[in-house]
Structures are given as structure tokens and as C-alpha cells.
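Below is one structure, written out as C-alpha cells, with a few remarks after it.
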Amino acid sequence: MKLFPESAVVQLEFEKIKTLLETHCKTEFARLKAKDLRIHTRLSFIELELRQTHEYRQLMQHAIYFPNDFVLNLSKDLKLLGIPGAVMSGEQLVHIRKLAENISNIFRWFDTERRQVYGGLATVIEGTYYEKAIQTLINEVVDEQGVVLDNASEDLRKIRMSLFKKRSDLRRMFERVIQKLNKQGYLADIEESFLNGRRVVAVFAEQKRMIKGILHGESDTRKTAFIEPEETIELNNEVYSLENEETREVYRILRALTAKLSVHADLLKTYLAITGEYDFIRAKARFAQDYNGEYPVVVDKAHIHLVNAYHPLLYIYNKRLEKPTIPVSLTLDDKNRILVISGPNAGGKTVTMKTVGLTQMMVQSGLLVPVHPSSQFGIFKQLMIHIGDTQSLEFELSTYSSHLKNMKHFMETANGKTLFFIDELGSGSDPNLGGAFAEVIMEELARKHAMGIVTTHYLNLKVMANKTPGIINGAMAFDEMSLMPMYKLIIGKPGSSYTFSIAERIGLDKRLINRARALVDENHFSLDKLLNRTEQDLRELEKKEKELNKLLKENERLKKEMEQVMDKEKHLQQVELLRQQNKITEDRIEYLKEMDRKLKQILIEWKKTDDKEKVMKEMFNLLFKKDEHKVVNKLQKKIESKFDEIGGDIQVGIKVKMKRNHQVGEVIEIRGKRAVVKIGLLPMQVDIKDLVVVKEKIVNPE
């Protein structure tokens, strides 16, 4: 993205964003990338970097471990691999092995499922591969601390075995010498020492001529002399010689290993870049957590649709102070390309403008932004800004001259892919003349299809925005009663400067205020007053709208509750219907059981009686319900003539009558809500509610 002027990154505070991002980087690769953070203009680059940052932030939110643990800077070490005859130290080889291990862990982490879910992160390792030989080569030569292994070569193994034996012999010899000298009282220190790579004893300086050997030096106080005893000179020489052989062999082994690894030099540089790239992505994700960054929609055209967008630096600052930050929502598209923001000073006009510009630069740099995820960002190839006092001492330009110089550049270079920001357009000159030039500038920028935001106090620009296609008004809300800005942008209407209201509220002499009013053009004053009244009326309407929305929500809640009550009542009715249907079914089952019982009783009577015709008649009446009603009535009258209903609790041993068929029997068992009643020879179960207690009538003997 082309920026004008070059200080645009400072004016929109993008430099601060880069500095804060750098603090989250652990590798040198990531820090350099943060310092030189690029603002892309290709959709594919922007989408990829936003997606990668979003995916890594998801990993952090779900506490999923990602193995990008390597943070060392090996760029200088890896350069050695490209130099013929170079030798890497054991420590350097350990670092390279850790780099290879980290890459191995990353490749293992990306199984088939994770490559699909975290496709953005997976693209970092596309086009490369993991080479096992790197770790194998190093493991065969050095241990975890970088010391060359004994079995790295046969010669080294033999040298170290000989060295171990000679050192053991030397140690035993020294122990004998120290014991002898200690008994003689010559030793200044019973501990053996090393000087110039030789094993020596410390003796009193006045006794040094009493001991045969080689004098290697004296202490600073010259009270102690360091002598290599005659008995150990040859052993010391042999140890010294073997140590030199060991050093030469270790050097040869490390040089051979460095040569073998040089084949993989380019691959190792790629590995280092991969770890740095993942560190940079992690830094962007961690930084996004500071200001609650989200992944917005990006479209390949000039377009801005912000929903609850926050200025990221202001959000971080207010979060530390536990203060709220007011978001901004606005849309700039093909129909409305230029927004003219007016309102009182310190009302948030410049902050709103910077919020739009800074978030746009962040998105095109691949950074998540503090907006609602439904927000949409277009792609601009040019960003121009004019903000604050741009007086130039070097070119002896006044504020207004410098202002016009910048506006000239704006109008000459603007196009449909330009995003511009102008703070206090037309200021610094006569209001009438400056306002006229400001109109011309806005008309030209609109004609060039540029997109941007202008802040102003000029009344003519507010009027122009109302009648010019592609230009819209916006006002920063202001509470006239408390005399406090609300930092809220209202689209579609111009704002008042509240000049006289603020003067009255701060206690300026009314006489002076009235004199100032008299000096102002009546039409100008009336329009500003109208804007003032309109804004306050709008505030009242917004308040009533909130109350109405609250009532509508309450009404919707009551409606849902009523629907739930009606659904419950409907359910109860269905349950009752089913219960009645079940009751009818139970009655039918009871009827069939009764028929079965009667048929069995008729069968018994058939076997006992000789009057077969009577039995046949009863069976016919039973099966074909012939004169059934009469039979039932006759049976009922017969029972009523013999028994009286007395009511009471149903208990075992009492006589009861069934309400349905008027049969009388004796209760022989109670089973919960049912009773077993013996009628004749047959017991049957009946609901207790279908029984009534009876007793036999006393027959008068008369």
C-alpha cells in the first residue's frame, strides 16, 4: 500500500501497533518481521495471514498445544554450513538437533484431520519435508550436552581409553608424592593443582629447592611455588600428548560432521524460517488477545462496513484503567463514499477517523481487529492522510499553504482504490474562502471515486454533504445537559458545534455571549441552533426507541409465555382424551372378563341342572343381549330386595356390591387400589371405587 505522507504510519499510530506486536515475538525472525510489517494489497495474502492468526488464536482459546518451542537464532551458525572446511562446535550441533526435533514435532502434530481444520497454519510447512538423517548424523557424534561421544570413531575410543589409564596412573602417583611432601612439611596446600595444563603441587616458596621437579610459577604473594614433581613428569607428558591427540581427533570428527550436514544447509534454513513464521503468527494471536481482535470479512473492492469497531490502542489503554470504550459503526460503499463528520471539539471526530484508518491498515497487514466478526473490509492500494498542524518551516509554508499542497496531491493522485482522511478540511484560512475551497476539494475527490472521511466545523460543508450524491453527514453525539461528549457517531445528520451552549455552561458572561450572537449572521446562527435542537430531539427519540424496544421485548416474552401455557393446556386436554379412551378400553376389557365369568358359571349350571332349556335361555340372553336391559333391571331389583347399601370403607370379610352389574360378593383380599371379590365360587379383581358396602336386609317374620 502506498502511503502519503510517509509519516502516515505515525499519524495513524500504526508504528505503535508494530512496537506492541514486537514485544510478543520470541525469535529474531519474528521481531524483524514485526518491525517491517507489510501492508498487503492482494486478497490472497491478506486472507491467508488473517486465517493463520485466527486459527492460532483458536488453539490458545481451547488450550491446544502447538509445538513451536524453538526460539534460538541460528542464522549465523547455519552460515558455517556453506563455508568449505568450516567446523561447528558441539553446542552448535545440539542447537541444530533441537531445531530438527522441533520441526519433527510440528510435522507429527499436523495429522490428516488437523491439516483440514487448521489449513492456514498447515500452509507454512507446505513444499518442505522432515529429514530424519539430520538428527541421526548428530546423534551418532555428540551427546545431549554437545560432548563428542567415545564411539564417534575407533581412534577416539582408543585415545580416551589410554587417556583414562594414564590419568589414573598419574592420580595414584600424585597421591604418593603429596603424602610424602606433606609428612616433610613442604606443602602449602594438600590439594593438587593444574598450571599450564600440567598437574603440579603447591609448596612453600622457601622449600621449593628441596623438591626435585619443574617450577611452573609462583602465587601473587610469592609465598607459594607450583612445582611439577620429577616422578610425574613423564606421565604428565604422556597425558598432555594424549589430550592433544584427543583434541585433534574431535576436531576431525566435528569437521566431517559439519561437511555431511552442509548437504542439508538450505533445508535447515527453511526449518529456521518455519519456526520463526510460527512464532510471528503466535505473536499476532497473542497481541489480538490484548484488544479482543476478531476475524472480519475481506472483499476485493473499495468498501468499509464497520460494526462496533474499537480503536485498538484506546481499547488496551481503557482496559487497563477499567474504563469503557465507545465503538463506532459506519459504512462507506459505492453509494456513500465520503463521510463528513461534524460536532463539538473533543467529541471524538479525530479518534473515529483514526479508528477507521488504523483498523484498515491492520487488516491489510494480516492482523485481527477489534470489530464485530460481521464487519467487512475492502482492499485499498493507496492511503492518504492530512491531520493536525502541517506547517513546514523548511519550505517556509504556512499551515494553510501546507494544507493546500497536500490537497493538491490528494486530488491529483486519488482514484477508486484510494482511502483518504482529512482532519479539519479548509481550516487555517478565511472561513468563507477556505470553505469554498473545501467544497471544491470534496467535489473533486468524489468525482475521482475516492473513499474517505472528512472532519469539519464549516457549515457550508455540512449543507453540501446533504445535497451531493456520494457524500453523507455524520455527527458526534453531545449531551447538552451535562456538557459532555458521548463519543458516539450518528450517521445521516450534521452536528452542531455547541459554541454558545458550551460558553453558557462554563459560566461565560451572558452579556458577552449575546454580543457574540449579534455579530453572527442570523441565518448561520439559526441553522446551528436548528442542528442543536435536532440533535437533542434525536437523542430523545433514541431514548424513547430504547424504551419501546424494551416494551416490545417484554411483550414478546409474555407472548412466548402465553404460547407455552396454551401448549401446556392443549397437552393436558390430549392427555385427558387419552385417559378417557383408556377408560373405555378398560370398561370393554372388564365387560369381556364378566362375560367369560358368566359363561363359565352357565357351564357349571349346565352340568348340575336338569332344566337345560332354562340354561340355554340364559346363555342366549347373555350372548345376544336379548332383553339385557330387562334382565339387568330384574337382577338389580332382586339384589335391592335382599341388600341395603350402607357405604363405608372396603375391608376384607365384608359384603360388597359391584356398581356396574349389581352382583354381590365377599371381599377376600385387598391389593392396593383393587379388591379381590368372591362371587359364587369365582374370585375376581375389581377397582375399589367400583364397589359399595352392603348388608343383608332383616326379614320381618310377620
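The table below lists the values:
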{"quantity": "Fully extended contour minus Cα-Cα distance, from Thr468 to Gln574, at 0.36 nm per residue", "calculated": "31.6 nm"}
{"quantity": "Accessible surface, region 255-337, averaged per residue in Å² (probe 1.4 Å)", "calculated": "45"}
{"quantity": "Sites Arg674 and Phe45, calculated FRET efficiency, Cβ-Cβ separation with R0 60 Å, nearest 0.05", "calculated": "0.15"}
{"quantity": "Pairwise centroid distance, computed over Cα atoms, of region 207-270 with region 652-699, Å", "calculated": "117"}
{"quantity": "Cut-off 11 Å (backbone N to label point 7 Å along Cα→Cβ of Lys98), residues of region 42-83", "calculated": "69-74"}
{"quantity": "Interchain or long-range residues, amide H under 5 Å from Asp479's placed H", "calculated": "Met484, Met486"}
{"quantity": "Label-point separation, Asn139 to Tyr317 (7 Å along Cα→Cβ), nm", "calculated": "5.5"}
{"quantity": "Label-point gap, in nm, between Val652 and Glu412 - each point 7 angstrom along Cα→Cβ", "calculated": "11.7"}
{"quantity": "By average C-beta atoms within 10 angstrom, highest first, the peptides 231-241, 640-650", "calculated": "231-241, 640-650"}
{"quantity": "Estimated inter-spin distance, Lys158 and Asp567, nm [label 7 Å along Cα→Cβ]", "calculated": "9.1"}
{"quantity": "Segment Asn308-Glu91, extension gain: residue separation times 0.36 nm, minus the distance between their alpha carbons", "calculated": "72.9 nm"}
{"quantity": "Over 24 Å (Cα to Cα) - which of Lys467/Lys546; Lys354/Lys408; Lys600/Lys695; Lys319/Lys493; Lys354/Lys417; Lys132/Lys158 fall in this group", "calculated": "Lys467/Lys546; Lys600/Lys695; Lys319/Lys493; Lys132/Lys158"}
{"quantity": "Accessible carbon and sulfur surface of region 201-313 relative to its total accessible area, %, 1.4 Å", "calculated": "48"}
{"quantity": "Highest average packing first - 38-50, 448-460, Cβ atoms within 10 Å", "calculated": "448-460, 38-50"}
{"quantity": "Chain lengthening between Lys550 and Asp169 when straightened (0.36 nm per residue, less Cα-Cα)", "calculated": "127.6 nm"}
{"quantity": "Pairwise FRET efficiency - His662 versus Asp611, Cβ, R0 = 22 Å, nearest 0.05", "calculated": "0.40"}
{"quantity": "Enclosed volume per residue, in Å³, of the convex hull spanned by Cα atoms of region 166-285", "calculated": "184"}
{"quantity": "For region 44-110: relative contact order, % (alpha-carbon pairs under 8 angstrom, 6 or more apart)", "calculated": "38"}
{"quantity": "Computed FRET value (nearest 0.05) for Gln289 with Phe204, which takes r as the C-beta separation and R₀ as 56 Å", "calculated": "0.20"}
{"quantity": "Positive-end residue of Phe174, Leu156, Ile103, charge dipole of region 78-208 with Cβ unit charges", "calculated": "Phe174"}
{"quantity": "Summed side-chain charge close to Met464 - residues other than Met464 whose Cβ falls under 10 Å, Lys, Arg +1, Asp, Glu -1", "calculated": "0"}
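The values are calculated or read from the model by the stated rules, or taken from the named source; none is laboratory data. Model, not experiment: these values are computed from the prediction. Note that we place each Cβ from the backbone using ideal geometry, even for glycine, and neighbour counts take in every protein chain shown. Surface areas here come from the heavy atoms of the whole protein model, side chains and all, with no ligands, DNA or RNA. Shrake-Rupley method; radii C 1.70, N 1.55, O 1.52, S 1.80 Å.
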